[in-house]
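The values are calculated or read from the model by the stated rules, or taken from the named source; none is laboratory data. Worth saying up front: this structure is predicted, and the values here are computed from it rather than measured. Backbone-built Cβ (ideal geometry, glycine too); neighbour counts: all protein chains shown.
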Amino acid sequence: MQYTQTISEIFHEEEWLTAEIVNRHQPRPLSNPSLPADDWKRCGRIFSVTFGGQEYFLRYQFDATYQPLPLIRDILAAFGAVDDTWKIAAWFHYPNGRIVKGEHESVKAIAPKDALDRRDDLMNALNKRTGSYVG
């Protein structure tokens, strides 16, 4: 799959938030609509991508009250410096052979975004990644 096709597929299959939407869902929205998302991104608690000239945040990085999931910080730290955050988005999006569900004949690889409650499995898969966007 080509890079632009990958980006388009991920963008159209996920739920995305702008910084303004994240701000609006805070208990006390700030006057600056780019906050708190920009601060969280700068601190490595969440990541963003750019699509069509607009910055977006994946919804699954946040809990039900639109606060960053602590696990995301750990994953971003393990990723280290990344020149293109679409690589992170792709890692979360596509099934990973090191993260599975089911038993015996019905074992199926699942995407990291669908296993956010399985910290050890995610960190293990991330530590064994080979540089591509799939596991």
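Quick notes
Residue-wise test of (1) part of a strand (DSSP E or B); (2) among the β-branched types (V, I, T); (3) out of contact with any Gly (no Cβ under 8 Å at 6 or more places or on another chain).
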site: R73; (1), (2), (3): no, no, no
site: L76; (1), (2), (3): no, no, no
site: D84; (1), (2), (3): no, no, yes
site: K87; (1), (2), (3): no, no, yes
site: I99; (1), (2), (3): yes, yes, no
site: A109; (1), (2), (3): yes, no, no
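- Checklist (1) out of contact with any Lys or Arg (no Cβ under 9 Å at 6 or more places or on another chain); (2) under 21 Å from R129 (Cα atoms); (3) modelled with pLDDT of 95 or more applied to G44, failing item: (1)
- If the condition is being surrounded by 14 or more Cβ atoms within 10 Å (Cβ to Cβ), of a type outside the set (F, W, Y), touching a helix residue (DSSP H, G or I) at 6+ places or on another chain (Cβ under 8 Å) and outside any helix (DSSP H, G or I), then the stretch 20-49 contributes P29, P33, S34, L35, P36, G44, R45, I46, S48, V49.
- Tallying residues that are within 12 Å of the chain's Cα centre (by Cα), over 15 Å from R59 (Cα atoms) and of a type in the set (D, E) within the stretch 70-118 yields 1.
- Subset of the stretch 3-19 (residues that are surrounded by fewer than 14 Cβ atoms within 10 Å (Cβ to Cβ), hydroxyl-bearing (S, T, Y) and at pLDDT 95 or above): none
- The stretch 112-129, residues that are without any contact (Cβ under 8 Å) to a residue 40 or more places away in the chain and under 20 Å from A64 (Cα atoms): P112, D114, A115, D117, R118
- Residue within the stretch 81-94 that is touching a helix residue (DSSP H, G or I) at 6+ places or on another chain (Cβ under 9 Å), surrounded by 11 or more Cβ atoms within 10 Å (Cβ to Cβ), over 21 Å from T6 (Cα atoms) and of a type outside the set (D, E) present: no
- Of the residues examined, Y56 is not one that is more than 15 Å from L122 (Cβ to Cβ), among the hydroxyl-bearing types (S, T, Y), in contact with a helix residue (DSSP H, G or I) (Cβ under 7 Å, 6 or more places away or on another chain) and modelled with pLDDT of 95 or more.
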